[in-house]
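The values are calculated or read from the model by the stated rules, or taken from the named source; none is laboratory data. All figures in this text were calculated on a predicted structure; none of them were measured in a lab. To get the accessible areas, we keep the full protein, side chains included, count just its heavy atoms, and leave off ligands, DNA and RNA. Shrake-Rupley method; radii C 1.70, N 1.55, O 1.52, S 1.80 Å.
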Amino acid sequence: MMDTVLLCREIILIVMVIDLHGIYHRDVEGVLERELLVRESRDGWEIITGMSPYMQGIVTKWLDWHGFGW
């Protein structure tokens, strides 16, 4: 009889979230600077912008300017 060994690898995915709901457009860049520029890792972030094309534009331009991929 053959023993069966099941190896289980636990994968932990950590996603940090920045929720911009309720943040004024004029304050978005400051929030992104405080949350992203002080971190060592540029991976694993989720930024919730809502449906505002203007808000999405602010965020994508900021990410591009600071060398973040999206």
- Message: I need the phi-derived Karplus couplings for the stretch 40-45: 6.51 cos²θ - 1.76 cosθ + 1.60, θ = phi - 60°, integer Hz, Gly and Pro marked x.
- Response: 6, 9, 9, 9, x, 9
- Quick one: what Rg and Dmax do you get for the stretch 15-68 from the alpha carbons, in Å? 10.4, 29
- Message: Quick check for you: with a 1.4 Å probe and neighbouring chains kept, what is the accessible area per residue of the stretch 29-69, in Å²?
- Response: 70
